[in-house]
Amino acid sequence: MSNLVIINANISTPTGNSAVTGTGMSELHHIANGAIIIENGIITYVGPQDEMPSYSPSVEVIDAGGKAVLPGFVDSHTHLIFGGFRADEFEWRLKGDSYMSIMERGGGIQSTVNETRKADVNSLADKARWFIKKMSQMGVTTVEAKSGYGLDLDSELKMLEAIKLTSEAEEDRIRIVSTFLGAHAVPKEYKGRTEEYVNILIEEMIPQVKDKAQFFDIFTEKNVFEIEDSRKLLLAAKAAGMKLKLHADEIVTLGGAELAAEVGAVSADHLLHVSDEGIKRMAAEGVVATLLPLTAFALREPFAPARKFIEAGAAVALATDLNPGSCFSGSIPLTIALACIYMNMSIEETITALTLNGAAACGVADLTGSIEVGKSGDIVILEFDTYKSLPYYVGMNCVNTTIFQGKVVNK
């Protein structure tokens, strides 16, 4: 962790140690001609430059030159660890094949499972580190990484170990939150025997992974893990002390959002086909709605109803869903553009969704996600003097400098 001073900064940030809900998402705290002091990686001052306390002349000083300064971005839903690639399936989709039909012909998740099972832990970690460097250049300072392409105990443990190795290797660049997604699909060896695989997850996998991942996630979907099996797995993981996430209502309206509210999940993600009742229940129970516009864009599906969530008083986060199949992209700039242009989110709401609310979806909102005293010095300096350039510079990276725990990691 480092010491750093930033001056001449046009600071904009959400505030608080928890997710911001509803119309509050549009309320950013602004400081023109501001300054930030970071000591041992932690913010000790943020405010007007002419009121800042003295600091050691030996400390590194960055003159932001009046440019926009934001909290580091949080990518709160990624499948960062995987073997192989699936460019052929992308071509199939372009020709009209559906996500589920690709799965039925042996593609989809099972294709990546086959490659991931063959890969060694170091090759998985090395690939992840390549993506991490790209993410950091786009201002990401915290990322969630899932397992889920192993679907047996040894392979899932290998993926979690790859996440750990990546985190250790990149600990000066980014914060990684790990998620166990052993319930990503029913592996081919258990086709037609979903109940048996559910029992293996409960009896063998969860006890082995509960201390190796912060979250338990599940693909709650028709013909994958439907509501009853999902409830059983989620409650077992919760009893083991794991925090909960769901892939919910992505392909069809199934009731995943309602289940997320019922079991006290931290977030429910995707939500392209969420019901109005599901939105209402998530808002009431404080479940973060993590929306993934890149995936909808890549699958040519309707975007998740961000405005309905916000108007219902829910907290919305945004994430990329980087994965080798349905969304081979970790583009923060394109995520921002899609959210603003096609999901009708304001740029202020989008910033909150990609910072503090993303941190809440990862369980680290008390640590990062806003520029406030006591939080980690995770900062982004843009190329422009206003954050409104983010959607305006459509799909292009306008991050000038990324700072993690007070250390410049990209400039």
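The values are calculated or read from the model by the stated rules, or taken from the named source; none is laboratory data. Because the structure is predicted, anything quoted here is derived from the model rather than measured. Neighbour counts run over all protein chains shown; Cβ positions are idealised from the backbone, glycine included. All accessible areas refer to the heavy atoms of the entire protein, side chains included, with ligands and DNA or RNA removed. Shrake-Rupley method; radii C 1.70, N 1.55, O 1.52, S 1.80 Å.
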Largest-first principal axis extents of the Cα set of segment 41-168 (Å)
65, 35, 17
State the dimensionless ratio Rg/Rh of segment 152-245 (Rg: radius of gyration of Cα atoms; Rh: Kirkwood radius).
1.00
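Quick one: accessible area per residue over segment 246-399, 1.4 Å probe, rounded to a whole number of Å²? Mind dumping the intermediate values first?
Values: 4690 Å² over 154 residues.
Result: 30 Å² per residue.
Multiply the residue separation of A87 and S123 by 0.36 nm, subtract the distance between their alpha-carbon atoms, and state the gained length in nm to one decimal.
Numbers: separation 36, 0.36 × 36 = 12.96 nm, distance 1.94 nm.
Separation in residues times 0.36 nm, less the Cα-Cα distance, equals 11.0 nm.
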Near the amide H of V140, under 5 Å away, which other amide H atoms are found, from residues 5 or more places off or on another chain, if H is placed in the peptide plane?
F73
For the pair K232 and Q208, how long in nm is the line joining their label points, each one 7 Å along Cα→Cβ?
2.0 nm
Sorted by chain and then number, the residues having a modelled amide H within less than 5 Å of the amide H of L318, at least 5 places away or on another chain, are L291, L354, G358
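Starting from 0.36 nm per residue, how many nanometres of slack lie between N199 and S346 once their C-alpha separation is accounted for? Provide the component values of the computation, followed by the final result.
Working: separation 147, 0.36 × 147 = 52.92 nm, distance 4.43 nm.
In short, 48.5 nm is gained.
What percent do you get for the relative contact order of segment 52-123 when only Cα pairs under 8 Å and 6+ apart count?
Details: 25 pairs, mean separation 23.6, N = 72.
Once divided by the residue count of segment 52-123, the mean separation gives 33 percent.
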Using alpha carbons only, how many angstrom separate the centre of segment 327-389 from the centre of segment 255-305?
19 Å
Along segment 34-50, Karplus-curve 3J(HN,Hα) (6.51, -1.76, 1.60; θ = phi - 60°) to the nearest Hz, with x for Gly and Pro, reads x, 9, 9, 10, 10, 10, 6, x, 10, 5, 10, 8, 9, x, x, 5, 6
Work out the P(r) tail for segment 258-411: percent of alpha carbon pairs separated by more than 29 Å, whole number.
17 percent
Beyond a 27 Å Cα-Cα separation, which of these cross-linked pairs lie in this structure: K118/K164; K164/K308; K127/K388?
K164/K308; K127/K388
Expressed in nm to one decimal, what extension gain is obtained for the pair D97 and N8 from 0.36 nm per residue of sequence separation less their Cα-Cα distance?
26.8 nm
Rounded to 10°, Cα long-axis angle of helix 276-285 versus longest principal axis of the chain
60 degrees
Tell me, what is the percent relative contact order of segment 9-104, built from C-alpha pairs under 8 Å that lie six or more residues apart?
26 percent
Give me the angle, in degrees from 0 to 90, between the Cα long axis of helix 332-341 and the longest principal axis of the Cα atoms of the chain, rounded to the nearest 10.
90 degrees
Running a GNM on the chain with Cα contacts under 10 Å, which residue among R193, R105, R281 ends up with the highest mean-square fluctuation?
R105
Using each residue's phi in segment 109-124, evaluate 6.51 cos²θ - 1.76 cosθ + 1.60 at θ = phi - 60° and report the 3J(HN,Hα) Karplus result to the nearest Hz, with x for Gly and Pro.
4, 4, 4, 6, 4, 4, 6, 5, 4, 7, 6, 8, 4, 5, 5, 5
If you count, for each residue, the other Cβ atoms within 10 Å and average over each peptide, how do 325-336, 137-148, 230-241, 65-76 line up from highest to lowest?
137-148, 65-76, 325-336, 230-241
Calculated from backbone phi, Karplus (6.51, -1.76, 1.60) coupling profile of segment 318-329 in Hz, x at Gly/Pro
10, 8, 8, 6, 3, 7, x, x, 6, 7, 8, 7
Label corresponding to semi-axes √(5λ) of the Cα gyration tensor in Å when calculated from the structure given, among (i) 35, 22, 20; (ii) 36, 28, 17; (iii) 54, 40, 19
(i)
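Quick one: Cα convex hull volume of segment 226-290, Å³ per residue?
Working: hull volume 4.2 nm³, N = 65.
Enclosed volume per residue, from the Cα hull, is 64 Å³.
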Taking the Cα atoms only, what angle lies between the long axis of helix 227-239 and the longest principal axis of the chain, rounded to 10 degrees?
60 degrees
Percent accessible area from carbon and sulfur atoms, segment 111-169, protein chains only, probe 1.4 Å:
49 percent
Mind listing the long-range amide H neighbours of R173? Cut-off is under 5 Å, sequence gap 5 or more, other chains count too, H placed in the peptide plane at 1.01 Å from N.
none
Value of relative contact order over the chain, rounded to a whole percent, pairs C-alpha under 8 Å and six or more apart:
24 percent
